[in-house]
1. What residues qualify as long-range amide H neighbours of Met259, i.e. H under 5 Å apart, gap of 5 or more or another chain, H built at 1.01 Å from N?
2. What are the ³J(HN,Hα) couplings of the range 414-422, residue after residue, when phi is run through the Karplus curve with 6.51, -1.76, 1.60 and θ = phi - 60°? Round to Hz, x for glycine and proline.
3. Would you work out if the range 273-518 is rounded, prolate or oblate? Take a ≥ b ≥ c from the square roots of the eigenvalues of the alpha-carbon gyration tensor; rounded if a/c is under 1.5, else prolate when a/b is larger than b/c, oblate otherwise.
4. Is the range 277-405 rounded, prolate or oblate when judged by the Cα gyration tensor, a ≥ b ≥ c being the square roots of its eigenvalues, rounded requiring a/c under 1.5 and prolate requiring a/b larger than b/c?
5. Counting Lys and Arg as +1 and Asp and Glu as -1, each charge on the Cβ, what is the dipole of the range 273-518 about the Cα centre in debye, to the nearest 20?
6. Taking only protein heavy atoms into account and a 1.4 Å probe, give the accessible area per residue of the range 276-364 in Å².
7. Quick check on packing: order 435-447, 515-527, 211-223 by the mean number of other C-beta atoms within 10 Å, highest mean leading.
8. What does the highest-first list of 124-132, 384-392, 473-481 look like by mean Cβ count within 10 Å?
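The values are calculated or read from the model by the stated rules, or taken from the named source; none is laboratory data. As the structure is a computational prediction, the values presented were derived from the model and not from experiment. Glycine gets a Cβ as well: all are built from the backbone with ideal geometry, and neighbour counts include every protein chain shown. Note: accessible area is taken over every heavy atom of the protein model, side chains too, but ligands, DNA and RNA are not part of it. Shrake-Rupley method; radii C 1.70, N 1.55, O 1.52, S 1.80 Å.
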Amino acid sequence: MRMPRRGLVIQARTRWLLVGLALLFSLVLLMYLLECAPQTDGNGSLPGVVGESMGKEYYQALLQEQEEHYQNRATSLKRQIAQLKQELQEMSDKLKSLQEKKSPKVSGMNYQGTKEQTSNDLLEFLHSQIDKAEVSVGAKLPSEYGVIPFESFTSMKVFQLEMGLTRHPEEKPVRKDKRDELVEVIEAGLEVINNPDEEDGQEEDDGVGDRQLYSENDFVEGYYRTERDKGTQYELFYKKMDGMEYRHVTLFRPFGPLMKVKSETVDISRSIINIIVPLAGRTEAFAQFMQNFRDVCIHQDKRVHLTVVYFGQDGLSEVKSILESVARETDFHNYTLVSLNEEFNRGRGLDMGARAWEKGEVLMFFCDVDVYFTAEFLNSCRLNAEPGKKVFYPVVFSLYNPAIVYANQDIPPPVEQQLVHKKDSGFWRDFGFGMTCQYRTDFLTVGGFDLEVKGWGGEDVHLYRKYLHGDLMVIRTPVPGLFHLWHEKHCADELTPEQYRMCIQSKAMNEASHSHLGMLVFRDEIEAHLRKQAYRTNSEAVG
(Lines give C-alpha, C1' and ligand atoms only; values in the text may rest on other atoms or scores of the structure.)
Protein backbone atom coordinates (compact mmCIF):
# COMPACT_ATOMS: atom_id res chain seq x y z
CA MET A 1 0.00 0.00 0.00
CA ARG A 2 1.41 3.37 -0.98
CA MET A 3 0.35 6.41 0.96
CA PRO A 4 0.17 10.03 -0.33
CA ARG A 5 3.51 11.79 -0.05
CA ARG A 6 2.10 15.15 0.89
CA GLY A 7 1.70 15.71 4.58
CA LEU A 8 3.18 16.78 7.82
CA VAL A 9 6.48 14.98 7.18
CA ILE A 10 7.28 17.38 4.34
CA GLN A 11 6.04 20.43 6.22
CA ALA A 12 8.18 19.62 9.24
CA ARG A 13 11.32 18.95 7.17
CA THR A 14 10.84 22.08 5.09
CA ARG A 15 10.47 24.19 8.24
CA TRP A 16 13.66 22.79 9.81
CA LEU A 17 15.56 23.14 6.53
CA LEU A 18 14.68 26.82 6.20
CA VAL A 19 15.59 27.49 9.83
CA GLY A 20 18.96 25.77 9.38
CA LEU A 21 19.77 27.65 6.19
CA ALA A 22 18.83 30.97 7.81
CA LEU A 23 21.18 30.30 10.73
CA LEU A 24 24.01 29.24 8.40
CA PHE A 25 23.61 32.30 6.20
CA SER A 26 23.60 34.57 9.28
CA LEU A 27 26.86 32.98 10.44
CA VAL A 28 28.51 33.52 7.05
CA LEU A 29 27.35 37.16 7.00
CA LEU A 30 28.76 37.71 10.51
CA MET A 31 32.11 36.29 9.43
CA TYR A 32 32.12 38.60 6.42
CA LEU A 33 31.46 41.70 8.57
CA LEU A 34 34.23 40.74 10.97
CA GLU A 35 36.67 40.29 8.13
CA CYS A 36 35.69 43.59 6.51
CA ALA A 37 36.04 45.62 9.73
CA PRO A 38 39.07 48.05 9.79
CA GLN A 39 42.21 46.72 11.47
CA THR A 40 42.93 48.23 14.91
CA ASP A 41 46.52 47.16 15.31
CA GLY A 42 48.12 49.20 18.14
CA ASN A 43 51.43 49.43 16.19
CA GLY A 44 49.83 51.12 13.17
CA SER A 45 50.46 54.81 12.52
CA LEU A 46 47.88 57.45 11.78
CA PRO A 47 48.49 59.71 8.75
CA GLY A 48 49.74 63.17 9.66
CA VAL A 49 50.77 62.17 13.17
CA VAL A 50 53.66 59.75 13.56
CA GLY A 51 53.91 58.14 10.11
CA GLU A 52 54.03 61.22 7.94
CA SER A 53 57.69 60.53 7.00
CA MET A 54 56.78 57.14 5.46
CA GLY A 55 55.50 58.87 2.34
CA LYS A 56 52.83 58.31 -0.26
CA GLU A 57 54.19 55.01 -1.60
CA TYR A 58 53.75 53.29 1.74
CA TYR A 59 50.06 54.12 1.89
CA GLN A 60 49.47 53.05 -1.72
CA ALA A 61 51.08 49.67 -1.00
CA LEU A 62 49.01 49.32 2.17
CA LEU A 63 45.76 50.08 0.32
CA GLN A 64 46.63 47.64 -2.45
CA GLU A 65 47.34 44.91 0.10
CA GLN A 66 44.01 45.55 1.86
CA GLU A 67 42.17 45.54 -1.48
CA GLU A 68 43.65 42.17 -2.45
CA HIS A 69 42.73 40.79 0.96
CA TYR A 70 39.13 41.92 0.57
CA GLN A 71 38.93 40.56 -2.99
CA ASN A 72 40.18 37.17 -1.84
CA ARG A 73 37.68 37.22 1.01
CA ALA A 74 34.82 38.17 -1.33
CA THR A 75 35.78 35.36 -3.71
CA SER A 76 35.73 32.90 -0.81
CA LEU A 77 32.33 34.13 0.33
CA LYS A 78 30.95 33.88 -3.20
CA ARG A 79 32.20 30.31 -3.39
CA GLN A 80 30.53 29.48 -0.04
CA ILE A 81 27.27 31.12 -1.16
CA ALA A 82 27.37 29.08 -4.37
CA GLN A 83 27.84 25.92 -2.32
CA LEU A 84 24.90 26.87 -0.10
CA LYS A 85 22.73 27.48 -3.15
CA GLN A 86 23.71 24.09 -4.51
CA GLU A 87 22.87 22.38 -1.23
CA LEU A 88 19.55 24.26 -1.07
CA GLN A 89 18.72 23.05 -4.57
CA GLU A 90 19.58 19.48 -3.62
CA MET A 91 17.35 19.68 -0.56
CA SER A 92 14.52 21.17 -2.65
CA ASP A 93 14.84 18.30 -5.10
CA LYS A 94 14.65 15.84 -2.22
CA LEU A 95 11.49 17.48 -0.87
CA LYS A 96 9.91 17.34 -4.32
CA SER A 97 10.76 13.67 -4.59
CA LEU A 98 9.01 13.05 -1.25
CA GLN A 99 5.84 14.61 -2.63
CA GLU A 100 5.77 12.45 -5.74
CA LYS A 101 4.74 8.84 -5.89
CA LYS A 102 7.64 6.53 -6.37
CA SER A 103 7.85 5.65 -10.07
CA PRO A 104 8.43 2.04 -11.16
CA LYS A 105 12.04 1.14 -11.83
CA VAL A 106 13.07 1.58 -15.43
CA SER A 107 15.92 -0.42 -16.88
CA GLY A 108 19.05 1.66 -17.22
CA MET A 109 17.68 4.33 -14.88
CA ASN A 110 20.41 6.27 -13.07
CA TYR A 111 19.93 7.43 -9.49
CA GLN A 112 20.79 11.01 -8.61
CA GLY A 113 23.23 10.24 -5.87
CA THR A 114 23.68 8.66 -2.52
CA LYS A 115 21.84 11.39 -0.59
CA GLU A 116 18.67 11.06 -2.66
CA GLN A 117 18.79 7.28 -2.35
CA THR A 118 19.12 7.61 1.43
CA SER A 119 16.07 9.90 1.50
CA ASN A 120 14.07 7.41 -0.58
CA ASP A 121 15.14 4.58 1.69
CA LEU A 122 13.95 6.54 4.74
CA LEU A 123 10.58 7.26 3.17
CA GLU A 124 10.25 3.65 2.12
CA PHE A 125 10.98 2.54 5.67
CA LEU A 126 8.33 4.89 7.13
CA HIS A 127 5.72 3.54 4.75
CA SER A 128 6.76 -0.02 5.50
CA GLN A 129 6.02 0.74 9.15
CA ILE A 130 2.44 1.62 8.17
CA ASP A 131 2.17 -1.52 6.02
CA LYS A 132 3.38 -3.73 8.89
CA ALA A 133 1.16 -2.07 11.51
CA GLU A 134 -2.49 -3.07 12.00
CA VAL A 135 -3.82 0.13 10.44
CA SER A 136 -5.63 -0.83 7.24
CA VAL A 137 -6.12 -4.57 7.66
CA GLY A 138 -6.46 -6.84 10.66
CA ALA A 139 -3.71 -9.14 11.91
CA LYS A 140 -4.11 -12.79 12.79
CA LEU A 141 -3.52 -13.14 16.53
CA PRO A 142 -3.11 -16.25 18.70
CA SER A 143 -5.52 -15.31 21.50
CA GLU A 144 -7.77 -12.61 22.95
CA TYR A 145 -4.79 -11.24 24.86
CA GLY A 146 -2.86 -10.50 21.68
CA VAL A 147 -4.97 -7.49 20.70
CA ILE A 148 -3.52 -4.07 21.42
CA PRO A 149 -6.50 -2.06 22.73
CA PHE A 150 -7.04 1.57 21.87
CA GLU A 151 -7.37 4.31 24.46
CA SER A 152 -10.17 6.77 23.70
CA PHE A 153 -10.09 10.52 24.21
CA THR A 154 -12.05 13.71 23.70
CA SER A 155 -10.71 17.25 23.61
CA MET A 156 -10.80 17.31 27.41
CA LYS A 157 -10.38 13.77 28.76
CA VAL A 158 -8.66 10.45 28.18
CA PHE A 159 -10.35 7.11 28.93
CA GLN A 160 -7.67 4.53 29.67
CA LEU A 161 -7.38 0.86 30.54
CA GLU A 162 -3.93 0.81 32.16
CA MET A 163 -4.36 2.60 35.48
CA GLY A 164 -1.82 1.12 37.91
CA LEU A 165 -2.16 2.62 41.39
CA THR A 166 -2.07 6.31 40.45
CA ARG A 167 -3.97 6.75 37.18
CA HIS A 168 -7.75 6.92 36.87
CA PRO A 169 -10.14 5.34 34.35
CA GLU A 170 -11.11 8.85 33.22
CA GLU A 171 -8.76 11.80 33.61
CA LYS A 172 -7.37 14.92 32.02
CA PRO A 173 -3.91 14.44 30.51
CA VAL A 174 -1.61 15.60 33.31
CA ARG A 175 1.71 15.39 31.51
CA LYS A 176 2.36 18.27 29.15
CA ASP A 177 3.83 16.00 26.46
CA LYS A 178 0.62 13.94 26.35
CA ARG A 179 -1.56 17.09 26.18
CA ASP A 180 0.61 18.50 23.39
CA GLU A 181 0.51 15.20 21.52
CA LEU A 182 -3.29 15.01 21.49
CA VAL A 183 -3.65 18.69 20.57
CA GLU A 184 -1.19 18.19 17.71
CA VAL A 185 -3.10 15.14 16.47
CA ILE A 186 -6.47 16.93 16.54
CA GLU A 187 -4.98 19.89 14.64
CA ALA A 188 -3.30 17.55 12.16
CA GLY A 189 -6.67 15.92 11.46
CA LEU A 190 -8.20 19.35 10.87
CA GLU A 191 -5.39 20.18 8.44
CA VAL A 192 -6.13 17.01 6.48
CA ILE A 193 -9.89 17.69 6.36
CA ASN A 194 -9.70 21.40 5.54
CA ASN A 195 -6.95 20.98 2.91
CA PRO A 196 -7.79 17.69 1.16
CA ASP A 197 -5.72 16.28 -1.66
CA GLU A 198 -6.83 14.16 -4.60
CA GLU A 199 -6.55 10.86 -2.71
CA ASP A 200 -9.10 11.96 -0.10
CA GLY A 201 -12.06 11.30 -2.38
CA GLN A 202 -13.51 14.83 -2.32
CA GLU A 203 -15.85 15.77 -5.15
CA GLU A 204 -14.05 17.74 -7.83
CA ASP A 205 -16.89 20.26 -8.20
CA ASP A 206 -16.65 21.28 -4.55
CA GLY A 207 -14.90 24.62 -4.55
CA VAL A 208 -13.14 26.08 -1.55
CA GLY A 209 -16.02 28.45 -1.02
CA ASP A 210 -18.53 25.57 -0.90
CA ARG A 211 -16.48 23.33 1.38
CA GLN A 212 -17.22 23.37 5.11
CA LEU A 213 -14.23 24.19 7.26
CA TYR A 214 -13.87 22.28 10.51
CA SER A 215 -12.46 23.57 13.80
CA GLU A 216 -11.37 22.12 17.16
CA ASN A 217 -14.98 22.46 18.37
CA ASP A 218 -16.07 19.91 15.75
CA PHE A 219 -13.83 17.17 17.17
CA VAL A 220 -16.05 14.43 18.67
CA GLU A 221 -13.77 11.63 19.80
CA GLY A 222 -10.57 9.81 18.98
CA TYR A 223 -8.77 6.54 19.66
CA TYR A 224 -5.07 5.82 19.77
CA ARG A 225 -2.84 2.85 20.39
CA THR A 226 0.88 2.21 20.07
CA GLU A 227 2.53 -0.85 18.58
CA ARG A 228 5.90 -0.73 20.29
CA ASP A 229 7.95 -1.72 17.24
CA LYS A 230 6.02 0.28 14.65
CA GLY A 231 4.35 3.47 15.85
CA THR A 232 1.14 5.09 17.08
CA GLN A 233 -2.19 4.92 15.25
CA TYR A 234 -4.86 7.59 15.66
CA GLU A 235 -8.52 7.31 14.61
CA LEU A 236 -10.19 10.75 14.69
CA PHE A 237 -13.85 11.69 14.20
CA TYR A 238 -15.23 15.19 13.51
CA LYS A 239 -18.81 16.33 13.07
CA LYS A 240 -20.65 19.60 12.62
CA MET A 241 -23.16 20.33 15.38
CA ASP A 242 -26.18 20.37 13.07
CA GLY A 243 -25.30 17.42 10.82
CA MET A 244 -25.13 13.63 10.92
CA GLU A 245 -22.15 13.36 8.58
CA TYR A 246 -18.86 12.49 10.26
CA ARG A 247 -15.34 13.05 8.96
CA HIS A 248 -12.98 10.18 9.80
CA VAL A 249 -9.22 10.69 9.64
CA THR A 250 -6.62 7.99 10.29
CA LEU A 251 -3.11 9.16 11.17
CA PHE A 252 -0.02 7.14 11.96
CA ARG A 253 3.16 8.30 13.70
CA PRO A 254 5.90 5.79 12.77
CA PHE A 255 8.07 6.90 15.68
CA GLY A 256 8.56 10.10 13.75
CA PRO A 257 6.36 12.79 12.18
CA LEU A 258 2.67 12.07 11.64
CA MET A 259 1.78 10.52 8.30
CA LYS A 260 -1.70 10.64 6.85
CA VAL A 261 -3.17 7.22 6.12
CA LYS A 262 -6.59 8.23 4.85
CA SER A 263 -9.32 10.84 5.11
CA GLU A 264 -12.93 9.98 4.40
CA THR A 265 -16.51 11.11 4.95
CA VAL A 266 -18.68 8.74 6.99
CA ASP A 267 -22.44 9.20 6.62
CA ILE A 268 -24.30 7.39 9.42
CA SER A 269 -27.65 9.11 8.93
CA ARG A 270 -29.27 5.94 7.51
CA SER A 271 -27.34 3.37 9.55
CA ILE A 272 -29.81 1.18 11.47
CA ILE A 273 -28.62 -0.75 14.53
CA ASN A 274 -30.35 -3.99 15.47
CA ILE A 275 -29.94 -4.21 19.26
CA ILE A 276 -30.19 -7.88 20.26
CA VAL A 277 -30.88 -8.74 23.91
CA PRO A 278 -31.10 -12.36 25.16
CA LEU A 279 -33.23 -12.67 28.29
CA ALA A 280 -34.66 -15.15 30.79
CA GLY A 281 -36.69 -13.83 33.72
CA ARG A 282 -35.32 -10.61 35.30
CA THR A 283 -38.34 -8.58 34.24
CA GLU A 284 -37.53 -5.72 36.64
CA ALA A 285 -34.12 -5.31 35.02
CA PHE A 286 -35.79 -5.41 31.59
CA ALA A 287 -38.21 -2.64 32.61
CA GLN A 288 -35.23 -0.49 33.65
CA PHE A 289 -33.47 -1.35 30.35
CA MET A 290 -36.52 -0.25 28.37
CA GLN A 291 -36.59 3.07 30.20
CA ASN A 292 -33.04 3.74 28.99
CA PHE A 293 -34.00 2.42 25.53
CA ARG A 294 -36.96 4.79 25.39
CA ASP A 295 -34.87 7.83 26.35
CA VAL A 296 -31.86 7.09 24.11
CA CYS A 297 -33.08 5.06 21.15
CA ILE A 298 -36.66 6.24 20.64
CA HIS A 299 -36.45 9.90 21.66
CA GLN A 300 -32.85 10.71 20.62
CA ASP A 301 -31.33 8.31 18.08
CA LYS A 302 -34.44 7.06 16.25
CA ARG A 303 -32.46 4.63 14.04
CA VAL A 304 -32.67 1.34 15.91
CA HIS A 305 -34.48 -1.96 15.88
CA LEU A 306 -34.83 -3.99 19.09
CA THR A 307 -34.75 -7.78 19.06
CA VAL A 308 -35.50 -9.54 22.37
CA VAL A 309 -34.87 -13.30 22.50
CA TYR A 310 -36.70 -14.68 25.54
CA PHE A 311 -36.06 -18.11 27.04
CA GLY A 312 -38.84 -19.99 28.87
CA GLN A 313 -42.42 -19.10 29.69
CA ASP A 314 -42.04 -17.65 33.18
CA GLY A 315 -42.08 -13.86 32.80
CA LEU A 316 -42.77 -13.88 29.06
CA SER A 317 -46.16 -12.20 29.44
CA GLU A 318 -44.59 -9.39 31.50
CA VAL A 319 -41.94 -8.79 28.82
CA LYS A 320 -44.66 -8.66 26.14
CA SER A 321 -46.64 -6.20 28.27
CA ILE A 322 -43.60 -3.92 28.72
CA LEU A 323 -42.88 -3.90 24.97
CA GLU A 324 -46.51 -3.24 24.06
CA SER A 325 -46.74 -0.44 26.63
CA VAL A 326 -43.67 1.30 25.20
CA ALA A 327 -44.99 0.85 21.66
CA ARG A 328 -48.36 2.30 22.60
CA GLU A 329 -46.93 5.31 24.45
CA THR A 330 -44.20 6.21 21.92
CA ASP A 331 -45.60 4.82 18.65
CA PHE A 332 -42.46 2.68 18.35
CA HIS A 333 -42.99 -0.61 16.53
CA ASN A 334 -39.48 -1.50 15.35
CA TYR A 335 -39.06 -4.48 17.63
CA THR A 336 -39.12 -8.26 17.42
CA LEU A 337 -39.80 -10.70 20.25
CA VAL A 338 -38.43 -14.20 19.70
CA SER A 339 -39.66 -16.81 22.20
CA LEU A 340 -37.66 -19.97 22.87
CA ASN A 341 -39.05 -22.57 25.25
CA GLU A 342 -35.66 -23.88 26.34
CA GLU A 343 -32.88 -23.34 28.87
CA PHE A 344 -31.10 -19.98 28.71
CA ASN A 345 -28.06 -19.89 26.43
CA ARG A 346 -26.67 -16.44 25.63
CA GLY A 347 -24.89 -17.50 22.45
CA ARG A 348 -27.97 -19.30 21.19
CA GLY A 349 -30.12 -16.25 21.93
CA LEU A 350 -27.83 -13.81 20.09
CA ASP A 351 -27.51 -16.24 17.18
CA MET A 352 -31.31 -16.54 16.91
CA GLY A 353 -31.64 -12.75 17.13
CA ALA A 354 -29.15 -12.26 14.29
CA ARG A 355 -30.88 -14.81 12.06
CA ALA A 356 -34.37 -13.45 12.81
CA TRP A 357 -33.53 -10.30 10.82
CA GLU A 358 -34.85 -10.71 7.26
CA LYS A 359 -34.03 -7.34 5.67
CA GLY A 360 -30.49 -8.01 4.41
CA GLU A 361 -27.37 -6.40 5.82
CA VAL A 362 -27.59 -4.66 9.18
CA LEU A 363 -25.31 -3.49 11.96
CA MET A 364 -25.91 -5.50 15.15
CA PHE A 365 -25.21 -4.55 18.77
CA PHE A 366 -25.08 -7.58 21.05
CA CYS A 367 -26.31 -6.24 24.36
CA ASP A 368 -27.34 -7.43 27.84
CA VAL A 369 -30.26 -6.32 29.95
CA ASP A 370 -27.88 -4.88 32.59
CA VAL A 371 -26.15 -2.54 30.14
CA TYR A 372 -26.78 1.22 30.05
CA PHE A 373 -25.69 3.09 26.91
CA THR A 374 -25.89 6.61 25.53
CA ALA A 375 -26.74 8.03 22.11
CA GLU A 376 -23.07 8.91 21.66
CA PHE A 377 -22.16 5.24 22.07
CA LEU A 378 -24.56 4.24 19.29
CA ASN A 379 -22.73 6.61 16.95
CA SER A 380 -19.39 5.14 18.08
CA CYS A 381 -20.84 1.74 17.24
CA ARG A 382 -21.68 2.92 13.72
CA LEU A 383 -18.31 4.60 13.19
CA ASN A 384 -16.13 1.67 14.27
CA ALA A 385 -17.78 -1.27 12.53
CA GLU A 386 -17.50 -1.72 8.78
CA PRO A 387 -18.73 -4.75 6.80
CA GLY A 388 -15.87 -6.94 5.63
CA LYS A 389 -13.28 -4.73 7.37
CA LYS A 390 -13.84 -3.95 11.06
CA VAL A 391 -15.69 -5.22 14.12
CA PHE A 392 -16.07 -3.13 17.26
CA TYR A 393 -15.41 -4.57 20.72
CA PRO A 394 -15.86 -1.68 23.19
CA VAL A 395 -14.65 -2.07 26.76
CA VAL A 396 -17.55 -1.55 29.17
CA PHE A 397 -17.21 0.45 32.39
CA SER A 398 -18.62 -1.89 35.04
CA LEU A 399 -20.19 -0.28 38.12
CA TYR A 400 -19.58 -1.68 41.60
CA ASN A 401 -22.23 -2.64 44.14
CA PRO A 402 -23.94 0.69 44.97
CA ALA A 403 -24.68 -0.55 48.50
CA ILE A 404 -20.91 -0.52 49.12
CA VAL A 405 -19.96 2.49 47.02
CA TYR A 406 -22.63 4.68 48.65
CA ALA A 407 -22.61 3.04 52.08
CA ASN A 408 -22.39 6.44 53.75
CA GLN A 409 -25.75 7.45 52.27
CA ASP A 410 -29.19 6.30 53.37
CA ILE A 411 -30.02 5.02 49.90
CA PRO A 412 -27.92 4.91 46.69
CA PRO A 413 -28.55 7.77 44.21
CA PRO A 414 -30.54 7.19 41.00
CA VAL A 415 -28.82 5.15 38.30
CA GLU A 416 -28.20 8.20 36.14
CA GLN A 417 -26.14 9.78 38.96
CA GLN A 418 -24.05 6.60 39.40
CA LEU A 419 -22.70 6.79 35.82
CA VAL A 420 -19.27 8.23 36.62
CA HIS A 421 -15.78 6.96 35.76
CA LYS A 422 -14.00 6.80 39.12
CA LYS A 423 -11.82 4.19 40.80
CA ASP A 424 -14.25 3.61 43.65
CA SER A 425 -17.35 3.53 41.44
CA GLY A 426 -16.28 0.96 38.84
CA PHE A 427 -13.62 -0.40 36.50
CA TRP A 428 -13.00 -1.02 32.81
CA ARG A 429 -14.20 -4.56 32.15
CA ASP A 430 -11.27 -5.47 29.92
CA PHE A 431 -11.77 -9.23 30.41
CA GLY A 432 -15.32 -9.10 28.99
CA PHE A 433 -16.11 -9.47 25.28
CA GLY A 434 -19.90 -9.75 25.33
CA MET A 435 -20.79 -6.23 24.15
CA THR A 436 -19.91 -5.90 20.48
CA CYS A 437 -20.96 -4.14 17.27
CA GLN A 438 -20.57 -6.09 14.04
CA TYR A 439 -22.35 -6.51 10.73
CA ARG A 440 -24.62 -9.47 10.19
CA THR A 441 -22.72 -10.79 7.15
CA ASP A 442 -19.44 -10.78 9.09
CA PHE A 443 -21.08 -12.62 11.98
CA LEU A 444 -22.51 -15.29 9.67
CA THR A 445 -19.31 -15.57 7.62
CA VAL A 446 -17.16 -16.19 10.67
CA GLY A 447 -19.54 -18.91 11.84
CA GLY A 448 -21.34 -17.16 14.69
CA PHE A 449 -21.27 -18.45 18.27
CA ASP A 450 -20.22 -21.86 19.47
CA LEU A 451 -23.67 -23.19 20.37
CA GLU A 452 -22.18 -26.08 22.33
CA VAL A 453 -21.30 -23.67 25.15
CA LYS A 454 -23.97 -23.96 27.83
CA GLY A 455 -24.89 -21.58 30.65
CA TRP A 456 -22.83 -18.58 31.69
CA GLY A 457 -19.75 -17.26 29.89
CA GLY A 458 -17.33 -18.49 27.26
CA GLU A 459 -19.38 -18.01 24.09
CA ASP A 460 -18.30 -14.38 23.65
CA VAL A 461 -14.59 -15.27 23.93
CA HIS A 462 -14.93 -17.97 21.28
CA LEU A 463 -16.48 -15.50 18.83
CA TYR A 464 -13.85 -12.88 19.66
CA ARG A 465 -11.08 -15.38 18.93
CA LYS A 466 -12.62 -16.21 15.56
CA TYR A 467 -12.23 -12.59 14.51
CA LEU A 468 -8.68 -12.45 15.86
CA HIS A 469 -7.75 -15.47 13.77
CA GLY A 470 -9.25 -13.89 10.64
CA ASP A 471 -8.48 -10.86 8.50
CA LEU A 472 -10.95 -8.35 9.96
CA MET A 473 -9.63 -5.55 12.13
CA VAL A 474 -10.76 -5.66 15.76
CA ILE A 475 -11.30 -2.23 17.31
CA ARG A 476 -10.92 -2.61 21.07
CA THR A 477 -11.19 0.52 23.20
CA PRO A 478 -12.88 1.81 26.37
CA VAL A 479 -15.85 4.03 25.55
CA PRO A 480 -17.37 6.56 27.98
CA GLY A 481 -20.99 5.92 26.99
CA LEU A 482 -21.30 2.22 27.86
CA PHE A 483 -21.93 1.02 31.44
CA HIS A 484 -22.60 -2.35 33.03
CA LEU A 485 -24.97 -1.93 35.97
CA TRP A 486 -24.27 -3.98 39.08
CA HIS A 487 -26.54 -6.91 39.88
CA GLU A 488 -26.31 -9.92 42.13
CA LYS A 489 -24.53 -12.85 40.48
CA HIS A 490 -25.25 -16.51 41.14
CA CYS A 491 -22.73 -19.09 39.95
CA ALA A 492 -24.64 -22.33 39.37
CA ASP A 493 -23.26 -25.71 40.39
CA GLU A 494 -23.96 -27.05 36.89
CA LEU A 495 -21.23 -24.88 35.36
CA THR A 496 -18.00 -26.46 34.17
CA PRO A 497 -14.91 -25.76 36.34
CA GLU A 498 -13.65 -23.20 33.81
CA GLN A 499 -17.03 -21.44 33.63
CA TYR A 500 -17.38 -21.49 37.41
CA ARG A 501 -13.93 -19.94 37.82
CA MET A 502 -14.81 -17.20 35.32
CA CYS A 503 -18.13 -16.58 37.10
CA ILE A 504 -16.48 -16.27 40.54
CA GLN A 505 -13.79 -13.99 39.09
CA SER A 506 -16.45 -11.77 37.55
CA LYS A 507 -18.43 -11.76 40.80
CA ALA A 508 -15.39 -10.68 42.85
CA MET A 509 -14.37 -8.02 40.35
CA ASN A 510 -17.88 -6.57 40.27
CA GLU A 511 -18.39 -6.15 43.99
CA ALA A 512 -16.20 -3.18 44.99
CA SER A 513 -12.85 -1.44 44.50
CA HIS A 514 -9.64 -2.64 46.13
CA SER A 515 -9.87 -0.02 48.87
CA HIS A 516 -13.55 -0.70 49.61
CA LEU A 517 -12.98 -4.46 49.73
CA GLY A 518 -10.07 -3.82 52.09
CA MET A 519 -12.35 -1.83 54.38
CA LEU A 520 -14.79 -4.76 54.42
CA VAL A 521 -12.07 -7.31 55.12
CA PHE A 522 -10.68 -5.28 58.02
CA ARG A 523 -14.06 -4.06 59.25
CA ASP A 524 -13.79 -5.86 62.62
CA GLU A 525 -10.33 -4.41 63.19
CA ILE A 526 -11.53 -0.90 62.28
CA GLU A 527 -14.56 -1.18 64.59
CA ALA A 528 -12.35 -2.41 67.46
CA HIS A 529 -10.06 0.58 66.92
CA LEU A 530 -13.02 2.99 66.96
CA ARG A 531 -14.31 1.46 70.19
CA LYS A 532 -10.88 1.89 71.83
CA GLN A 533 -10.72 5.50 70.68
CA ALA A 534 -14.20 6.16 72.07
CA TYR A 535 -13.27 4.52 75.40
CA ARG A 536 -10.11 6.65 75.73
CA THR A 537 -12.05 9.82 74.94
CA ASN A 538 -14.69 8.99 77.56
CA SER A 539 -12.02 8.09 80.16
CA GLU A 540 -10.20 11.39 79.62
CA ALA A 541 -13.47 13.29 79.89
CA VAL A 542 -14.34 11.60 83.20
CA GLY A 543 -10.80 12.06 84.60
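1. HN-HN under 5 Å from Met259: Phe252, Arg253.
2. Taking θ as phi minus 60°, the curve returns x, 4, 4, 7, 8, 7, 10, 9, 9 Hz for the range 414-422.
3. rounded
4. Values: a/c = 1.28, a/b = 1.13, b/c = 1.13.
The shape class here is rounded.
5. 640 debye
6. 47 Å²
7. Top to bottom by mean Cβ count within 10 Å: 435-447, 211-223, 515-527.
8. Highest to lowest by the protection proxy: 473-481, 384-392, 124-132.
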